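Novice: Structure provided below as structure tokens; questions to follow.
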């Protein structure tokens, strides 16, 4: 089994009267166990030149995945503060990642196009994004391409 | 402006044949500019102990700016590996947070429209007659419709806020966006109890239906025994 460690810190000295300091570390385990997740899509970096919606981690057509404890990381590498990518899951809009923002969330894709994670750039002038899934799903494509 | 920094680090020495290690840091700013986010819900901790299992709305879309650079942090405080929270945006499942897991993600906070209606206190009122709405009973202290409107406006309603537009008109606004159909009927469920043959009225003179939000953050625990969730919203 693999051991993948994730940590997140949230800090501010002036958001409150007192300091804010939240620090967490967790290990990426398979659902309901202490066995580490053992697959990853790898950290993908891509340059998007259209506002077309893309499916980041497509499920293999005609297959299903068990309910699991996958993890997703997405970052908008743009340095133009007006540029954002809109992140969707299934029929819901999660939110916008503005320049420099990142996200980390659990994910359990059951079947193709059911709760896919999709990304759409706000501009067609070119944006770099990074994304990665750590998982143990039997049926997602190893590359982040549209299906 | 405030400066709030988020840093994520991912590392593994055995997930791949080579070491995986990367880190990313961002400053939380308003949408489209470099001004720091200055609003937050504060760090909250919510307990779930319900039989049968019952989910809770952690953040309502009404509470943040739609398409703002809002950020949500959630953490499952359980130490039991099998216990998890299922996280939803509206009715869409995002995934499960198992024991010790956390999430940090942007939030569109797509809001709906709050229902609004205006009622006009009219007719002839007798002291002691009552106006009842949303479980709140108002007893007329005078015969003046303007004074009764003031009494109606001064009360606290669990699901509505009120203002006085004109001296005898009270406007009710729902606290949350929803599509509950409350004002479909002209009475808006107001009950007037008349005494002594009076013709006291509270006619709904204007109304606008609401629409439901589409991105409330909802979590559902996996067990009926106690589980805690920590959470914070940074918003604009």
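Novice: Going by the structure shown, is residue B:10 crowded, with 21+ Cβ neighbours inside 10 Å and free of Cβ contacts under 8 Å to residues at least 40 places away in the same chain?
Specialist: Criteria met by residue B:10.
Novice: Another question about this same structure. Taking region B:40-51 on its own, how many of its residues are at the interface with another protein chain (Cβ under 9 Å from one of its Cβ atoms) and either surrounded by 17 or more Cβ atoms within 10 Å (Cβ to Cβ) or modelled with pLDDT of 95 or more (or both)?
Specialist: 1
Novice: Please go through region B:79-95 and give me each residue that is surrounded by 24 or more Cβ atoms within 10 Å (Cβ to Cβ), within 23 Å of residue A:23 (Cα to Cα) and either more than 7 Å from chain A (Cβ to nearest Cβ) or touching a residue at least 60 places away in the same chain (Cβ under 8 Å) (or both), ordered by number.
Specialist: The answer is B:84, B:85, B:87.
Novice: Now for a separate question. Considering only strands (runs of 3 or more DSSP E) fully contained in region A:14-111, which possess at least 3 residues that are more than 7 Å from chain B (Cβ to nearest Cβ)? Give the steps one after another, and end with the answer.
Specialist: Details: elements: A:20-27, A:44-48, A:70-76, A:84-89, A:92-98, A:102-107.
By residue number, A:20-27, A:44-48, A:70-76, A:84-89.
The values are calculated or read from the model by the stated rules, or taken from the named source; none is laboratory data. From a predicted model like this one, the values you see are computed outputs, not experimental measurements. Glycine gets a Cβ as well: all are built from the backbone with ideal geometry, and neighbour counts include every protein chain shown.
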